[in-house]
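Step one of this worksheet: look at the structure below.
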Amino acid sequence: MEFTLKPFIFYGFALMTIASALVVVTVRNIVHAAFSLMVTLFGVAGLYVFLQADFLAATQVIVYVGGILVLILFGVMMTSGRLEMRIHIERGQLLLGGVVALALLMLLLTVIANTPAWKNLTDDGTELPPTTERIGELILNGPFLLPFEVVSVLLLVALIGAALISRKEVRD
Amino acid sequence: MSDFRALFASPVFNMSEHFFPNINLQDKLNWAEEFIQNVVIPRLPEAVASHFPVEIGTVLVMFACAGVFVGVVPLLPLVLVLAERKVSARFQNRTGPMRVGPWGVLQTLADGVKLIFKEDFIPPQGDKLLFLLAPYIIFACSFAVFAAIPFSEGILVSDFNIGIFYIMAISSVIVMGVIMAGWSSNSKWSLLGSLRSAAQIVSYEIPLGLSILTIVMLVESLSMQEIVANQSNGVFSWLIFRTPFTFIAFFIFFISSIAEVNRTPFDLPEAESEIVAGFHTEYSGMRFALFFIAEYANMFAVSAIAVTLFLGGWEGVLPGYDILGGFPGFVIKSMALVFLMMWLRWTLPRLRVDQLMNLCWKYFIPIAFFNILGTGIWGLIFPEDTLISTAISCAIIYIGLITAYKVAGRTLAQKPAPQPS
């Protein structure tokens, strides 16, 4: 059997993702959880690179780390500048969360079991063509044009809504 | 005429090829793997040899590249910090540092040595783990950007097919480090600085990305090398002159870049007169130096990216000749933009927060969207880049500049002159 480094790097990324995800849900300090989530998102981006989906990996980092996570932290710091931000978890929440997590796990396992495509995938070392061009074609010139436009309108509505909520009332 | 051409074709004008041999990583990777395959493995014991990974060669070359960057890039701030101090001194009619070495050229080195030996103070009330980690995140991200910048035809670490997108992704992580530093210091100055920085960077990323999009629309590729290759026909094929819209996009890109690297007039995150030093107030010693190195490395990186996207990258001003081209040309162009940044810093006062946000959301983002629309229409009218399209573009830019100059002059003339107080 030929020895390659690829599995090691893959398991490195997988371990990084899972371990940091565990930290996210177990740690009590909300800011630590957010920074741990950053490591998780990076790990997932690394796994995308392994699937030769580099565009997706960069998008993952730019949207989740550079955008959403920053906004989460921003919200936390705006609401409380104190260092001690503890999360209190009650038993009822724990139960509900467990049920939801189990349901999600079942759903994902069903999808994985019923998707035949991935079983036929073999790593024969060939490099797949870059995905950027295909994604662009599909979104802007193909079957996903309408959903893409609908999503952008949805985002615009959300943007206007946010501006409306946050603006000051002008009384005269 | 022939003498003239011969002069430019002489080795003197092709110095960059002469002194800077092509360093293409892909060749080196193959070379390293072949070296392991042919030289190392036959010398190993039988049991080890059959399991010995050839890819170790690749990994070693990657480590070597990273080592070269970590070794060379800090030299850049060494030069730039001194340049900054000398430039500011000239602007203020001073001499700047003069004591250490001739004309004070060794001043930064002395400061660096001082910083290494200073106490590394950790605020006892802060969050120790995050406080220690933050400088590394900022440092690593600003260095990772350099991996995709093509310094010359052969001097680049990797020609990603998503090059410029990778740069945007990595540089958007820097803000995480800034927030981490500001929050873990447990100081109000730091927290205020990091909140300001986060708001500023997240806002200015939008016009920055939209300006890059105009370039990507014209080149039809995200790869940095292909963007440069698209500008190989002399100064008028540089993307800044290709359409009037990219001309506007360059200025939006450059000004947003200044905001991204937190420099005056956008230095609210580290405004000395208000919040001490912003997010790195509590840092000292080598960790402070890391922030400093990252800041100046960032400054060079955004200039280099602007040069690659708009000003021809390592391509020269004349097609076929190596004037302002190759590695030296690239560095000269980037340094010119760095100098422009310093010039702005020591000329303009700091913006207020509302002015900063107004500029971004009410002016830059609409203009950047208009640019994208315009570039699309331009691409429909001129599907191929021809002499006519370049001529029309340059004419529009010229007329636009003259008009802007006259309008600005008239507006300023109408304003009452400020009275000395």
Based on this model, can you work out whether B:S237 counts as hydroxyl-bearing (S, T, Y), more than 14 Å from chain A (Cβ to nearest Cβ) and farther than 17 Å from B:T375 by Cα?
no
Within segment B:83-105, how many residues turn out to be among the aliphatic types (A, V, I, L, M) and surrounded by fewer than 16 Cβ atoms within 10 Å (Cβ to Cβ)?
3
When you look at B:I377, is it surrounded by 13 or more Cβ atoms within 10 Å (Cβ to Cβ), at pLDDT 85 or above and in a helix (DSSP H, G or I), yes or no?
no
Exactly one condition in (1) modelled with pLDDT of 70 or more; (2) within 14 Å of chain A (Cβ to nearest Cβ) is not met by B:T58; state its number.
(1)
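Conditions tested, residue by residue: (1) at pLDDT 85 or above; (2) within 7 Å of chain A (Cβ to nearest Cβ).
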| residue | (1), (2) |
| --- | --- |
| B:A148 | no, no |
| B:I164 | yes, no |
| B:I170 | yes, no |
| B:V173 | yes, yes |
| B:A181 | yes, no |
| B:L192 | no, no |
| B:L195 | no, yes |
Subset of segment A:57-83 [more than 10 Å from chain B (Cβ to nearest Cβ) and either modelled with pLDDT under 80 or in contact with a Phe, Trp or Tyr (Cβ under 9 Å, 6 or more places away or on another chain) (or both)]
A:G75, A:T79, A:S80
Of (1) assigned to a helix (DSSP H, G or I); (2) in contact with a Lys or Arg (Cβ under 7 Å, 6 or more places away or on another chain), B:L324 satisfies all except one. Which?
(1)
Out of all the residues in segment B:120-127, is one or more part of a helix (DSSP H, G or I) and not polar (S, T, N, Q)?
no
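The values are calculated or read from the model by the stated rules, or taken from the named source; none is laboratory data. None of these values were measured; they are calculated from a predicted model. Positions of Cβ are generated from backbone atoms using ideal geometry, with glycine treated the same way; all protein chains shown enter the neighbour counts.
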